[in-house]
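Contents: one structure, followed by commentary.
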Amino acid sequence: MNIQCDMIIGFLVPHRCPHTAVATCIQCQRLFCDEHVSITAGGLVCTACQQGLDKPVAIAKTAQLFTLADYDAFNAVTADEFDDEDTFADLS
């Protein structure tokens, strides 16, 4: 019987990783596939524990690269800056 990886993947539709678990994380004791576990000096650690998360969720690599300046830029944009009529482009 194959045991499924415990990592939650998928940005729009979160779901469990479909791969077979091959190792146990030394920090959270969950089972993970070889894609979601890394070898460290202390042993095998899952992607979530490496990222400092308490839940087994893989954060997209793009989101990991955001800086504080990026977050400030995202937060600076408000709905008030857009005209109500021109918020969305006409795609017809």
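Read the figures in this text as sums done on the coordinates, not as results from a lab. Small disclaimer: the values here were computed from a predicted structure and weren't measured. Ideal geometry is used to build each Cβ from the backbone, glycine not excepted, and the neighbour counts take in all protein chains shown.
Per-residue 3J(HN,Hα) values for the stretch 66-73, derived from phi via the Karplus relation 6.51 cos²θ - 1.76 cosθ + 1.60 with θ = phi - 60°, read 5, 9, 4, 5, 4, 4, 4, 5 Hz in sequence order (x marks Gly and Pro). Across the stretch 41-58, coupling constants 3J(HN,Hα) worked out from phi with the 6.51/-1.76/1.60 Karplus curve, θ = phi - 60°, read 4, x, x, 7, 10, 6, 4, 5, 5, 4, 8, x, 9, 8, 10, x, 10, 7 Hz, and Gly and Pro carry x.
The local environment of ALA23, defined by Cβ-Cβ distances under 15 Å, has a net charge of -2 under the rule Lys, Arg +1 and Asp, Glu -1.
If packing is taken as the average count of other Cβ atoms within 10 Å, what order do 40-53, 20-33 fall into, highest mean first?
My ranking of the peptides, most packed first, is 20-33, 40-53.
Gain on full extension, evaluated as 0.36 nm per residue between LEU53 and GLN29 minus their Cα-Cα distance, stands at 7.3 nm. Placing R0 at 30 angstrom, the Cβ-Cβ distance between ASP72 and SER38 gives a FRET efficiency of 0.45 after rounding to 0.05. Note that the stretch 8-77, at 20 °C in a medium of 1.002 mPa s, gets a Stokes-Einstein diffusion coefficient of 159 µm²/s from its Kirkwood radius over C-alpha pairs.
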